[in-house]
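A.B. asks: The structure's right below; bear with me while I get my questions together.
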Amino acid sequence: MTNDFTFELMAIGVLILTYFTLYYLSKFIIKYELQKKKTKRISNAKTYKTVTRRGENFEYEFPLNPNLDEFWIRLFAKVFDYGFYLGIFYLIDRILIEKSTYPYLLAFLALFIINPIFESLTGRTFGKYIFGMRVIDDFGENPSFLTSFIKNLLQLFSIAFYVLSSATILEDEMFFHNKRTFTYTIWNKDKEKILTELNN
């Protein structure tokens, strides 16, 4: 039991160290990733809204930000992913291998290894698929594995900060992992609309 606890404690320590390292390196890594493409970027795009006041129409310009701000839905999708991986590793642990393989820890690590793979290939994880969401990068495409990996790792601390603050932190701080990596979590059905706005 002591050895198991020590192993998990060391793994969590390594994860935290990796987080802070990636947080400070992410600015340079993402900048390099964005330089690979020369197409239009969502972060530079504008959207317009017409407001009628006293019979006159006024057009206002806003930055295009398609990011989905439904925190709890996004959290439920992440929890679903964790439960899915936990079920698989628990099944392997109890039925196929019949010895401890730390299923809870492996499921947790899968969020930062397997999820980036799915997001880079399809833009979606199991949880995002169930809840009708997807991730896109600053060009409206699936993020690269490296970008998605950094996003998922930073997201862990976004969730922790939000919960520990009793849901009082600002939205910009709550989704800083998206802002830091120039990624956007959107409704899957809205992708074409966002691409149309981007290319206008």
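A.B. asks: Is it the case, given these coordinates, that Ile136 is among the β-branched types (Val, Ile, Thr), surrounded by fewer than 19 Cβ atoms within 10 Å (Cβ to Cβ) and out of contact with any Cys (no Cβ under 6 Å at 6 or more places or on another chain)?
C.D. replies: Considered against the rule, which asks whether it is among the β-branched types (Val, Ile, Thr), surrounded by fewer than 19 Cβ atoms within 10 Å (Cβ to Cβ) and out of contact with any Cys (no Cβ under 6 Å at 6 or more places or on another chain), Ile136 comes out as no.
A.B. asks: OK, next. Only one residue in Tyr82, Tyr32 is within 21 Å of Leu146 (Cα to Cα), touching a helix residue (DSSP H, G or I) at 6+ places or on another chain (Cβ under 8 Å) and aromatic (Phe, Trp, Tyr), so which one is that?
C.D. replies: Sole residue among the options that is within 21 Å of Leu146 (Cα to Cα), touching a helix residue (DSSP H, G or I) at 6+ places or on another chain (Cβ under 8 Å) and aromatic (Phe, Trp, Tyr): Tyr82.
A.B. asks: Could you please tell me which pairs satisfy a Cβ distance under 8 Å, a separation of 6+ or placement on different chains, a first residue in segment 11-33 that is in a helix (DSSP H, G or I), and a second residue that is modelled with pLDDT of 75 or more and among the basic types (Lys, Arg)?
C.D. replies: Tyr23/Arg180; Ser26/Arg180; Lys27/Arg180; Ile30/Arg180
A.B. asks: Shifting gears a bit: Quick check on segment 49-85: of everything there that is modelled with pLDDT of 75 or more and of a type in the set (Gly, Ala, Ser), which residue is surrounded by the fewest Cβ atoms within 10 Å (Cβ to Cβ)?
C.D. replies: If we take residues in segment 49-85 being modelled with pLDDT of 75 or more and of a type in the set (Gly, Ala, Ser), then Gly83 is surrounded by the fewest Cβ atoms within 10 Å (Cβ to Cβ).
A.B. asks: Test of understanding: among Ile113, Ile130, which residue is surrounded by fewer than 19 Cβ atoms within 10 Å (Cβ to Cβ), modelled with pLDDT of 90 or more and more than 25 Å from Glu197 (Cβ to Cβ)?
C.D. replies: Ile130
The values are calculated or read from the model by the stated rules, or taken from the named source; none is laboratory data. Predicted model, so just to flag it, every value in this text is computed and none were measured. Ideal geometry is used to build each Cβ from the backbone, glycine not excepted, and the neighbour counts take in all protein chains shown.
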